[in-house]
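Novice: Quick one: structure below, then a few questions.
Since every read-out is calculated from the coordinates, none of them should be taken as a lab result. Model, not experiment: these values are computed from the prediction. When we count neighbours, we look across all protein chains shown, and the Cβ atoms used for this are built from the backbone with ideal geometry, even at glycine.
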Amino acid sequence: MKINSNFDLLVPNYLFADVARKTNEFAAANPDKEIIRLGIGDVTLPIAPIVVASMKKGCEDLRHKETFKGYPEYEGYDFVREAVSGYYKSYGVKVGADEIFISDGAKSDCGNLGDIFSQDNTVLVTDPVYPVYVDANLMAGRKIIYAAATQENHFLAMPDENVKADIIYLCSPGNPTGAAYSAEQLKIWVDYANKNGAVIIYDAAYEAFIKDESPRSIFCIEGARTCAIELCSLSKTAGFTGTRCGYTVIPKELERDGHNLHSMWYRRQATKFNGVSWPVQCAAAEVFSAEGQNQIKENLDYYSGNAKIIASALDELGIYYTGGKNSPYIWLKCPNGMGSWEFFDYLLQNAAVVGTPGEGFGENGKGFFRLTSFGDRDKTIEAVERIKNLLK
């Protein structure tokens, strides 16, 4: 037998595994030092009370024969998809409930969507990039090309009309850079995709952090329904990192190579996915209720406040960065010409603060560094003070 040799193309360790190893080694050698972690983007605040109450009710339903639920529908229960559709409508985007698939998170769908595309397709990702976009397609044996996101274009890569791509991954606000595309910039990407017969896989996991007029969805853009699939997650929006729930939107009219992609994805899910549990879907629907939106906003504002604290410190230090305004991520240029891992070690050893080296996100991440705003407020303030004292 043979194994999938495409795994040999992957870097030996996932980026965050290396960060964890170095951090743990430092902690073991320095038990007296309090480490503040602003690296991995996991949330720290609890799920909103009304959402937890709905989850509890869902669990209670499973205790009684009259309300017991077994296998859910592959695409999710109607009431959840209706709630998501209503959420889109609240900011002016028309997405039908029958175009929405409830999932166990955007990360899963991000990789699994490749099942409906040929291995012969060329994949375009921006650089720096969320590693899952690259690794999932390397595993599948696809060719990957890169669009450069740099300080010169404020880490918002744009298409090259001389380059042909079949599958395009975009994330806005971006991970790791925190930069958000304007409507005008996304329109250029949409026109490029339609012209080339490509499909955009649009990761909107951080849309709830947008404060200005930046588009909350790719479907805000004219022409997107014939070229785009959108992924979204409740992980950061509502604290579901440990609960796992998200949704994917595939417009009914999206077709390629004589096939309807909505129908293909439904067929794929029917074979490989048994749906999201009843209690979690009950909780997910409550996220989009009026009171649910009010309560999750408190957490979102808390994280945005942390981002503002970090961004203000970088302004004070005169350090270039993107993000921190429409995003929980702050992407900064390493001071004094340091490399990404060099700055990681310097910050860890001298301030006991952990971030994420930009080099782990691609070639254009070299010399840059990612901090996140998902930590405790007091610890975020303390971390910022340590950084300021170290770099002043």
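Novice: Any idea what % of Cα-Cα pairs in region 20-179 are farther than 20 Å?
Specialist: Details: 9040 of 12720 pairs.
Counting every Cα pair in region 20-179, those more than 20 Å apart make up 71 percent.
Novice: Name the lysines eligible as straight-distance cross-link partners of Lys379: C-alpha to C-alpha under 18 Å, and not fewer than 8 places from it in the same chain.
Specialist: Lys33, Lys308, Lys388
Novice: Among Val132, Ile229, Leu156, whose Cα lies farthest out toward the positive end of the dipole of region 106-260, if unit charges sit on the beta carbon of Lys, Arg (+1) and Asp, Glu (-1)?
Specialist: Checked the options; the winner is Val132.
Novice: Rank these for me by crowding, Cys232, Cys334, going from fewest to most other beta carbons within 10 Å.
Specialist: Ordered from fewest to most neighbouring Cβ atoms within 10 Å, Cys232, Cys334 come out as Cys334, Cys232.
Novice: With contacts defined as alpha carbon pairs under 8 Å and 6 or more residues apart, what's the relative contact order of the chain in percent? Present the calculation step by step, with values, prior to reporting the outcome.
Specialist: Working: 753 pairs, mean separation 90.9, N = 392.
Result for the chain is 23 percent.
Novice: Next question. Report, in debye and to the nearest 20, how large the dipole of region 206-329 comes out about its Cα centre when Lys and Arg carry +1 and Asp and Glu carry -1 on their Cβ. Can you show the working numbers first?
Specialist: Details: 13 positive and 14 negative charges, 108 e Å.
In total the dipole reaches around 520 debye.
Novice: Counting other beta carbons within 10 Å of each residue's own, what order do Asp345, Asp8 fall into, fewest first?
Specialist: Asp8, Asp345
Novice: Let me ask something else about it. In deg cm²/dmol and to the nearest 500, what is the mean residue ellipticity at 222 nm of the chain if only DSSP H runs of at least 4 residues count, each as -39500 (n - 2.57), divided by the residue total?
Specialist: Taken over the chain, the calculation gives -12000 deg cm²/dmol.
Novice: Show the residues, 5+ positions off or on another chain, whose built amide H is closer than 5 Å to the amide H of Ile200.
Specialist: Amide H neighbours of Ile200: Ile168, Ala228, Ile229.
Novice: Of the DSSP beta bridges with both residues in the chain, give the percent that are antiparallel, rounding to the nearest 5.
Specialist: Rounded to the nearest five, the antiparallel share is 50 percent.
Novice: With no solvent and one point on each alpha carbon, what is the Debye value of log10 I(q)/I(0) for region 49-290 at q = 0.15 Å⁻¹?
Specialist: -1.03
Novice: Order by neighbour count: Val163, Val276, fewest other Cβ atoms within 10 Å first, most last. Walk me through the numbers on the way to the answer.
Specialist: Details: Val163 13, Val276 26.
Fewest-to-most ranking of Val163, Val276: Val163, Val276.
Novice: For region 110-123, take each phi angle, set θ = phi - 60°, evaluate the Karplus expression 6.51 cos²θ - 1.76 cosθ + 1.60, and give the result in whole Hz per residue in order, putting x for glycine and proline.
Specialist: Once θ is set to phi - 60°, the couplings for region 110-123 become 3, x, 6, 4, x, 4, 8, 10, 5, 5, 7, 5, 8, 9 Hz.
Novice: Give me log10 I(q)/I(0) at q = 0.15 Å⁻¹ for region 44-87, Debye formula, one equal scatterer per alpha-carbon, no solvent.
Specialist: Log-scaled intensity ratios, in q order: -0.53.
Novice: Let me spell out the model: positive unit charges on the Cβ of Lys and Arg, negative unit charges on the Cβ of Asp and Glu, origin at the Cα centre of region 49-290. What dipole size does that give, in debye rounded to 20?
Specialist: Numbers: 24 positive and 31 negative charges, 126 e Å.
Once rounded to the nearest 20, the dipole reads 600 debye.
Novice: Report, ordered by chain and residue number, the lysines lying within cross-link reach of Lys143, taken as a straight Cα distance under 23 Å and ignoring same-chain residues fewer than 8 apart.
Specialist: Counting by Cα, and skipping residues close in sequence, Lys143 has these lysines nearby: Lys2, Lys107, Lys164, Lys195, Lys366.
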